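Here the structure comes first, spelled out in structure tokens, and everything after it is commentary.
Please treat every number below as a calculation from the coordinates, not as lab data. Please read all numbers here as calculations on a predicted model, not as lab measurements. For neighbour counting, all protein chains shown are included, and Cβ atoms are generated from backbone atoms with ideal geometry for every residue, glycine included.
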Amino acid sequence: MTDCIFCKIITGQIPSDKIFDDDQVVVFRDIRPKAKVHLLIVAKEHINNLFEAKPLHEKLLSHMLLVAPMVAKQEGLHNGFRTVINTGAGGGQEIDHIHFHVLGGGGLPRF
Ligand code: 5GP
Ligand code: ZN
């Protein structure tokens, strides 16, 4: 996806404040944080969103969920965190490349 911001971050064409990287995901800080800590867990494979996810992505999606508590702890969110996945325009998705938000550390409104 040549015009995808997150694909460009993954390849290093656009800089990011990266805190974790493995064979399946990259995790970096959101450029406009909505909480004291706001991380984005981004799949290295370009999948638009959950609507486009297939059974073959099961391992990737569960890996992304397991990365969430790991990076949350790494960032000091021992008390807990919120995960958000926006899907499509109706879900308020801005970047069409699958990612999970991890938020915490204060500044979170009640949901
Ligand atoms: P969405 O609304 O698609 O679930 O979330 C996209 C998130 O990506 C937003 O919270 C937005 O602040 C963040 N974002 C957009 N462009 C960039 C960027 O270039 N770098 C980083 N680090 N975050 C971005
Ligand atoms: Zn992409």
Subject >> Column: log10 I(q)/I(0), Debye, Cα scatterers of the chain, q = 0.17, 0.19 Å⁻¹ >> reply: -0.80, -1.01
Subject >> Residues 31, 19 arranged by fewest to most Cβ contacts within 10 Å >> reply: 31, 19
Original post:
So, with +1 on the Cβ of K and R and -1 on the Cβ of D and E, and no other charges, what is the size of the charge dipole of the chain about its Cα centre, to the nearest 20 debye?
Top reply: 440
Original post:
What whole number of Å gives the distance from the Cα centroid of segment 48-64 to the Cα centroid of segment 86-107?
Top reply: 15
**OP:** Would you kindly state how much longer the chain becomes between residue 4 and residue 32 on full extension, computed as 0.36 nm times their sequence separation minus their alpha carbon distance, in nm to one decimal?
**Re:** 8.3 nm
Original post:
Taking +1 at the Cβ of each Lys and Arg and -1 at the Cβ of each Asp and Glu, which of 74, 61, 43 sits farthest along the dipole of the chain towards its positive end, judged by Cα position relative to the Cα centre?
Top reply: 74
**OP:** Take 110, 29, 82 and order them by how many other Cβ atoms sit within 10 Å, fewest up front.
**Re:** 110, 29, 82
Subject >> Neighbour cut-off at most 15 other Cβ (10 Å), DSSP loop, GluC sites (Glu not before Pro), segment 41-111 >> reply: 45, 94
Original post:
Under a Cβ-Cβ cut-off of 13 Å, what is the net charge of the residues other than residue 37 that fall near it, where Lys and Arg count +1 and Asp and Glu count -1?
Top reply: +2
Original post:
Which order results if 64, 70 are arranged by neighbouring Cβ count within 10 Å, fewest first?
Top reply: 70, 64
Original post:
Lysine pairs in the chain with alpha-carbon atoms under 24 Å apart, 8 or more places apart or on different chains: how many are there?
Top reply: 17
